[in-house]
1. Please give me the summed charge of the neighbours of B:Gln334: other residues whose Cβ is under 12 Å from its Cβ, Lys and Arg +1, Asp and Glu -1.
2. Compute the acute angle (0 to 90°) between the alpha-carbon long axis of helix B:372-386 and the principal axis of greatest extent of the alpha-carbon atoms of chain B; round to the nearest 10°.
3. Could you compute the FRET efficiency for B:Leu2 and A:Leu369, with r as their C-beta to C-beta distance and R0 at 41 Å, rounded to 0.05?
4. Taking beta carbons within 10 Å but only from partner chains, what does the mean come to for residues B:53-64?
5. Mind checking A:385-397 for the average number of partner chain beta-carbons within 10 Å of each residue's beta-carbon?
6. Thinking of the protein assembly as shown as a set of Cα atoms, what percent of all their pairs are more than 58 Å apart?
7. Multiplying the sequence separation of B:Thr486 and B:Asp152 by 0.36 nm and subtracting their Cα-Cα distance, what value in nm do you get?
8. Can you put B:Ser206, B:Ser241 in order of Cβ neighbours within 10 angstrom, beginning with the fewest?
Amino acid sequence: MLPIVLLSVFGILNLFLGFLRSNRALLPFILVVLALVFGVNLLDWNHAGSIPAFLDSPYISQMLTVDNYSVAFSGIVLLTALLLLPFSRSYVVAGEPNLAEYYSLLLFSLVGAIMMVSYNHLIMLFVGIEILSISMYVLAGSDKRNVRSNEAALKYFLQGAFATGILLFGIALLYGATGTFQLSEVAAAIATPANQSLVPMLYVGVLLMVIGIGFKISAAPFHFWTPDVYEGTPTFFTAFMSTVVKTAGFAAFLKLLVVALPAASTVWLPTISAMCVLTLLLGNVGATVQTSAKRMLAYSSVSHAGYLLLGLIAGHGQLSGAAAQSIFFYSLAYSIATVAAFGVLKLVSDQRQREDYAGLAGLGRTNPLLAFVLTLALLSLGGIPLTRGFFGKFFIFTAVASQGHIGLVVFAVLMSMVGIYYYLRPVIAMYLRPAEPGAEAPIVVDGFQSATLVLLAIITLVLGILPGFLSNLL
Amino acid sequence: MLTAFLVFFPLAAALLLHFAKGGAARALALGAALLEFVVAVFAAISFVRTGSAGLDLNLNWIPSAGINFHLGIDGLSLCLVLLTTFLVPIILLTAFRHEEYENPGAFYALVLFMQTGLLGVFTAMDAFVFYFFWEVALIPIYFLAGAWSRSDRRIQITFKFFLYTIIGSLFMLAGFVYLYLQTGPAAGSSAAHSSDIQAFYALKLSASEQSWLFWLVFAAFAVKMPIFPFHTWQPDTYTESPTPATMLLSGIMLKMGIYGCLRWLLPVVPLGVSQWQQLVMVLAIIGIVYGAIIAIRQRDMKRLIAYSSLSHVGLMIAGVFSLQAIGLQGAVVQMLAHGVNVVGMFLVADAIERRTGSRYMPDLGGLTRRTPLLSVCFLVMLLSTVALPLTGGFVGEFLLLAGVYQFNMWAGAVAGLTIIFSAVYLLRMYQRTMLGPDSTYSETITDLGGTELVMFGALIVLVFWLGLFPGTFLRLSEPVTSQILTLVGR
């Protein structure tokens, strides 16, 4: 609860700081705020339902719940933002006039993300998604003189608004069928339907909700916006979009399915299985034919949505145990690796003005650190041991296989083989191809960003070698 | 503790290499590799005196999943640990002689990193630890083979190598996950399953399950060894990689596949093995003949050795899948002998290429007059590869052939062709390079120098040791191979 309050208050405060026209002070301020909120968030660990007394009226406390599940996923979201922010230094250096607004929007979007992982009431889910999405629509178009960025914002907004409508319609039908927005009451109403004639309406509602959230997490066949939006959006915000939005979306999705809709699994289980297969296929195959590293990462993020959907399938029954644990571990692995990959890509594209594989050529020689961190990130995304991504995949596959969905696991394993193909291509460019003429100069990275990259590499490696730490939190 | 040191010390040394330059980097790398060998010998002595219990390391790794970081050394592991720690200093010394490598410190560091992966594979006693190190070993060799290669096709070649091996490994992972989910909890553990090797050995799966599990697990080993028809990555990779990387690949890494079959395939899915035994035998024997026939046609020394290796590996696979005690024992000795032989052969090719700038046989000839020492070393390594008595190659191939013969007389007869064929192509190679009409290099070439003599000396000592006293190693591996056969026969 307190993180939401703090983030909102500091977000507004930060807007006023923007009037001071002191860009240099903003980044440290935001980092301190996020570190503070991250710490405050952890205080709620194992203190389920600890809500300040003045807020503890039934009306509010029934809307959001603070439990280990929400704390864990809020933790991922906040940590991701914290590790990503150093890469916004180029805005500070360039004297970006709207920086305070960007940062405030990021803080607000984090409020939305935290609401999405801790909702207990379908309206809160909707409000959380909207807070997150509206901030992201603006940020996608933040490079306002760039046509691609404008296109991205427009596409994202149109598709997002459409998806929101569908989601809302689904919630409305669900409400019509069950007469409640509370997750546990919804579950009870579905398990023992009062009126059999309402069951079709209920199922349609569930399907529409799955589709609406499917848009947000870019699951196929609702993923068409993803590559264009990711490519047009400034890289820094793409990274935010593909980590925070996705993590929050999946945490919300899992909670919805496991807490509210376990009795409706006859509807959503086949739907999600089909979406999962399609997402894995389209994401991975789409990524293989890209020549732009950024677009490849966009498709790769679609494919990772597929692996996470696989985790949802394992999520029968409870918000703890193998499924929640595997999604938690995977989201964290994915977020850390994606932040590292986009961070390096941003540094390279800022200075070499290109985002394709050829722009990465020769990086192993000119910038060993950047090349090493990007390699590690890609290996982690590809799921190769020694990196955390391997255990992310491993836990998901084991969780799903133990539920008896062997066919899906085999398919996902085949798709990860395809994944290795496209994750290796940037690595080849960096180490085996000479730099393009005119791009032999090393990329300038300041100490702060180097330190962040090293930290990201250490997290990836340490949790790839000692997964036992963090592997049984939930 | 000794085992943990063996596995992780090279990694630590590799990290330290980051801070060393030039001569210091060489001294550090070589010192670490030699120390590692001494420790391995020490471990061997401790094993002979007190058995494997003192070398067991079993730590919690992912307690909630019942996965332990379990390393151990028994007789079979010990043979391969000794081979690895013996060959790595030689491989490093070969790398030292290539002054042209850019960023040599990184090269040495990757070799040592690779050693960690290899030793981890050979000592892992938990399925997921095994898989973990199996993949860890792939990352350094990919960069060693790709980044320091001078071939124009290096990108395609190493890419193919990487994809082949990783696809094989992912099949193995899928198989391991399935096997793991069939296990019961380990004693004293709260987790529902266990991936310990004993839990896998205790599994009793139906014949139909084992039938497809066999291929999932075997896929990784088949690509790594490689067995016909999964071998297409091998000749190009061996030929175009820098020689030290080729030595790592052929001398040690392919033994991962054979070791994997012995440790993780035969005892785990015995019914699957007996179902597919004949098919694998046929593939192995095709590999023997096919590799040998293509080797005869080669003119590039490294490529010839690559195909010769394919042929010899085929015999080892046939020996393993004969499921005879003598065949398994032969495979163990031959793993060691082949490691020594093939590294020796590549060392010869490298010595000639460095001196003349060519390894293309029609360019060479008449080198022997100026290089008596090189000629002798070449001949010894060659004769051991051909399996002449007194050499390690003879003991290995003899036992292997005896095993294959016990399985099926005709299989033994065809597999025996490997010796005849290898005599043909290897002696022809010798004749075309060292003997024959003089070439432009025969007057200018220099003989082996100090360090090279030491390297060849060490290899030759081992060749004769394996040829004269194979019992040293046979006694080590005998309890393990007979245990494997008991498990297969259950």
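1. Values: positive: B:Lys255; negative: B:Glu397.
The answer is 0.
2. Helix B:372-386 sits roughly 40 degrees off the main axis of chain B.
3. Working: r = 35 Å, r/R0 = 0.85.
E(calc), rounded to 0.05, equals 0.70.
4. On the way: counts 0, 0, 0, 0, 0, 0, 1, 1, 5, 9, 3, 9.
Taking all residues of B:53-64 together, the mean is 2.
5. On the way: counts 14, 7, 2, 0, 0, 5, 5, 0, 2, 9, 3, 0, 3.
Shielding by partners across A:385-397 averages 4.
6. On the way: 73316 of 464166 pairs.
Percent of Cα pairs beyond 58 Å in the protein assembly as shown: 16.
7. On the way: separation 334, 0.36 × 334 = 120.24 nm, distance 4.99 nm.
Contour length minus the Cα-Cα distance gives 115.3 nm.
8. Details: B:Ser206 8, B:Ser241 26.
Least to most surrounded, the residues fall as B:Ser206, B:Ser241.
Coordinate-derived values only; no laboratory data. As the structure is a computational prediction, the values presented were derived from the model and not from experiment. With ideal geometry, Cβ positions are generated from the backbone for all residues, glycine too; neighbour counts draw on all protein chains shown.
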